[in-house]
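So the structure is just underneath, and the comments pick up after that.
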Amino acid sequence: MKLHTLAAALAFGLCILSALSQANAAEDRSIRSFKVQVPQAALEELRRRIAETRWPDRETVDDQSQGIQLAKLKPLVEYWGTGYDWRKAEAKLNTLPQFMTTIDGVDIHFIHVRSKRPNALPLIMTHGWPGSVFELLKTVGPLTDPTAHGGRAEDAFDLVLPSMPGYGFSGKPTETGWGPDRIAQTWAELMKRLGYTSYVAQGGDWGSPVSSAMARQAPTGLLGIHINLPAVVPPEIAAVLAVGGSAPTGLTDKERAAFDALSAAAKMGNRSYATMMGTRPQTIGYAINDSPAGLAAWMLGHPGFSRWTYDNSDPEKSPDEVLDDITQYWLSDSATSAGRLYWEYGGRSVVFAAVERTLEIALPVAITVFPEETYLAPETWARRAYPNLIYFHEVDKGGHFAAWEQPELFSAELRAAFRPLRQDF
Amino acid sequence: MSTASPAPNRRDFLATSATALLATSAGAAAFNFTSSQPTAAAEASSIRPFTVSFPQEEIDELRRRIAATRWPERELVSEAASRRTSATLAAGDTQGVQLATMQKLIQYWGTEYDWSKCEAQLKSLPHFVTEIDGLDIHFIHVKSSHQGALPVIITHGWPGSVIELLKVIDPLTNPTAHDGTAADAFDVVIPSMPGYGFSAKPTQPGWDPVRIAKAWTVLMKRLGYNRFVAQGGDWGALITEQMALMAPPELIAIHTNMPATIPPEIVRALAAGSPPPADLGPDEKRAYEQVAFFYKFGLGYANEMALRPQTLYGLVDSPAGLASWILDHDADSYALIARSFDGEPEGLTRDDILDNITLYWLTNTAISSARLYWEHRQTAKAGFFDAKGITIPVGVSANPSEIYTAPKSWTERAFPKLLHYGHPPKGCHFAAWEQPKYFTDDVRASFKTLRTA
């Protein structure tokens, strides 16, 4: 390791270590407050690397079919190395109460915002890949302080936003086995440690299998979940998709549309990133941990970003929005460790009901379908997949990163979805 | 290229390339084309000498980047599991190229490794460039001193280059110095595929294996060869097989060390994810299992390049990223390469590996080469290993450590005019590079009977 990298890593580690040093690591169940303070040297090193980016030639097509287009990536990376200011992102995190606690041997970073409202419903929300807690930050206000955002006082949540193991400022597992099931167990322990005896869980992307695993495990206190990337694809449809077959007869219009979307996504290769990380996360890790442009391109290769333009045409999808997320991956050296979650899952898709064992979920499940999601879950399939579906709603705006793209609408959905569970609370 | 359209002026091309290189990257390689001064009347089809040369600052810049490598943490699986070959590898054994191997590679690459030796070796060979179908194609062309030498065009693959073929040039062109007779002599033509090595990078889509195969026939005819053979492994095998399918009258036979032999009913069973059919013999069953495993767990890199090659920006910006990507081709060659960095060089040395990786780096071809997977996917009618209906004579090497070892039964079915079924005692995917002697033996044996014609 180069000295400057080492120095940066050490200095960066210090902010965690200083919190850790107060307690005995072995039996430590303490919850330590945490602030993000990235050393200036790490930021300068990042800018230096960005300035020295060595580019390939342009793709040979005029569309996104060969991947992230050079003309789309280059301005973003150039802005990253000149105009972008990580300190603003850091400030966004540090205005919120952040903590660290060690569970199952891994340091878990989380944001914990308690509502000022009495009887707020505790909610643990899980981000995905290539996301992070950044994709959820804009929902903090609407969820914890609903009256300031068009909601009612009785819709308030206490919000817990953890970084998954291997992601962001959480620790990196040093052994295999950290799949969604184990993360789910960890989240249950986290909520218990926070003193919550009744709570709900939510997630999209990887947050969906994590939340679903929690619902399947049904830890004491968990009342139900809301997911925005549900696993509703029935086994017989999954089988057809696996071999690239044509649509079975007898599908409703919405089922047919979902089948076509999944089939087209497979044919267009939208999951190639998942296949790579599902089999060889370490191999791609060397490039994306060493090259800022490489990391940015790899993350933006997620189909959830395909409609993002990385300009200022949509304030919810600004260059700063994606760069906050990408920069956090860079500064926390978590490109490789985050990719391992795909490996843990064997590269399988998280939208197949059988893979997710949805029939084993007895707890209440709520689903919102956002129109620009990678596929639109039909209600018929959702009812088959989740025996206790308490809420199903199709909304008119938003995509894969629903909380990021449409925080107000997303929050309104959570209020509506969880309202029936508050009586049990 | 249409004869009606004016041939692009060579000087204009160079100027454009130079500008593009300067504009795209300070780290991009600058080739030294020392071809004779083009004139306005110069034919695009002219064959121009080419000299390999990279400025020292490119080498210095590479070393600087190597020294600044920013590492991920170690993989979470054991070394033993990571090194398993296809015979025992199971799902979940490997997470990819090991950190320890990469750190040894990077340490050596950034300090002791000397590119100038490779450059000198390349310079000792006759290199040429000629424009075919609008693209400058680089090739090495070594004529045998023996009369009646059989011309052969040998095509490299990914992640290979002309470097993987250098060890067989002398045995093939100068057989009497390598356990052969004058009657075993070949004239050898070794092109760099479009987007690879010193060939130009296509700027438009369409350069799939079929188009490359057509270009190779043009190249051989341009060199004055009207009766020749072709050879290849990896993409080279696919391109050579495409040449055989086109069967131009000048092409009398091919040899492949990655033969596509899988019969149609087995292709269907593999696609359905079925267990090996019960009636398979032991060699067939092993081949079936090898291919099934490779398709399921070993194709991530190929999949990514076939679907999103441009997204791999990190490979041209990070030497470590490029090296790991190139090392992770198949389990058996990876295990062999990893051992060479542990100090146990077998067929491939550390320098062999790094010569090839350095060539990819200096020519900035990681992504342009990856596009061949994308191109193939646009037009391919069959899988890599599926038998394709070749009717001209074919010689085969079925290497024991290849991605799959083609069973003799399937090989005989796939190639009705089978000249030779070689089964060397040793050899991985990079047969000519790792086992040049066995490779040469098989190539000689394959074409022996055609010499008298």
Output for the stretch A:244-334 (equivalent-ellipsoid semi-axes, sqrt of 5λ from the C-alpha gyration tensor, Å, descending) is 31, 20, 8
In this structure, the FRET efficiency calculated for A:A218 and B:K296 from their beta-carbon separation, with R0 = 45 Å, to the nearest 0.05, is 0.85
Taking the stretch B:74-172, the whole-percent share of alpha-carbon pairs separated by over 21 angstrom is 60 percent
P(r) over all Cα-Cα pairs of chain A, 10 Å bins from 0 to the longest distance, whole percent per bin, short to long, reads 4, 22, 33, 27, 12, 2, 0
As a Kirkwood estimate from alpha-carbon pairs, the stretch B:194-331 has a hydrodynamic radius in angstrom of 17.8 Å
For the stretch B:56-453, the convex hull over Cα atoms projects on average to an area in nm² of 18.6 nm²
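Run the numbers on chain A and let me know its relative contact order in percent, using alpha-carbon pairs under 8 Å that are six or more apart. Let's see the in-between values first.
Details: 733 pairs, mean separation 75.6, N = 425.
Answer for chain A is 18 percent.
When you look at the Cβ of every residue in A:331-342, what mean number of other chain Cβ atoms sits within 10 Å? List each step's numbers first, then the result.
Details: counts 0, 0, 4, 2, 2, 8, 3, 0, 3, 3, 0, 0.
If you average over the peptide's residues, the count of other-chain Cβ atoms is 2.
Restricting things to alpha carbons, find the Rg to Rh ratio for the protein assembly as shown using the Kirkwood radius for Rh. Provide the component values of the computation, followed by the final result.
Numbers: Rg = 28.9 Å, Rh = 28.9 Å.
Radius of gyration over Kirkwood radius for the protein assembly as shown works out to 1.00.
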Computed over the stretch B:282-362, the distribution of all Cα-Cα distances in 10 Å bins, rounded to whole %, is 16, 39, 33, 11, 1
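Taking the number of other C-beta atoms within 10 Å as the exposure measure, put B:M246, B:M220, A:M100 in order starting with the fewest. Mind showing how you got there, number by number?
Values: B:M246 14, B:M220 25, A:M100 21.
Ranked by crowding around the Cβ, least crowded first: B:M246, A:M100, B:M220.
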The local net charge around B:R451, scoring Lys/Arg +1 and Asp/Glu -1 for residues other than B:R451 whose Cβ lies under 15 Å from its Cβ, equals +1
Cα-only Rg/Rh for the stretch A:285-378 with Kirkwood Rh rounds to 1.03
For A:K317, counting only lysines whose alpha-carbon sits under 20 Å away and dropping same-chain residues fewer than eight positions off, the answer is A:K72, A:K74, A:K88, A:K92, A:K138, A:K397
Note, A:T252: beta-carbon cut-off 13 Å, +1 each Lys/Arg, -1 each Asp/Glu, net 0
Under 5 Å from the placed amide H of B:E131, counting only residues 5+ away or on other chains, we find B:S46, B:I137
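Normalised by the empirical 2.2 N^0.38 Å for globular proteins, what value does the Cα Rg of the stretch B:244-291 take? Each step should come with its number before you reach the end.
Working: Rg = 14.5 Å, N = 48, 2.2 N^0.38 = 9.6 Å.
For the stretch B:244-291, the normalised Cα radius of gyration comes out at 1.52.
Give the shape of the stretch B:396-452 as rounded, prolate or oblate, defined through the alpha-carbon gyration tensor: a ≥ b ≥ c are the square roots of its eigenvalues, a/c under 1.5 means rounded, and otherwise the shape is prolate if a/b is larger than b/c and oblate if not. Walk me through the numbers on the way to the answer.
Numbers: a/c = 2.80, a/b = 1.15, b/c = 2.42.
Oblate.
Report the relative contact order of the stretch A:206-311, percent, no decimals, based on alpha-carbon pairs under 8 angstrom and at least 6 residues apart. Before the final figure, lay out each step's value.
Values: 42 pairs, mean separation 15.4, N = 106.
Computed over the stretch A:206-311, the figure is 14 percent.
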Note on chain B: contact order normalised by length, alpha-carbon pairs under 8 Å, 6 or more apart, percent, works out to 18 percent
Going through B:K167/B:K296; B:K214/B:K296; B:K143/B:K437 one by one, the pairs whose alpha carbons sit over 23 Å apart turn out to be B:K167/B:K296; B:K214/B:K296
Listing B:F50, B:F198, B:F293 by rising number of other beta-carbon atoms within 10 angstrom, fewest first, gives B:F293, B:F50, B:F198
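Every read-out reported here was derived from the displayed coordinates using simple, explicitly stated rules and does not represent laboratory data. Quick caveat, the model's predicted, so the values are computed rather than measured. All Cβ positions, glycine included, derive from the backbone under ideal geometry; neighbour counts span all protein chains shown.
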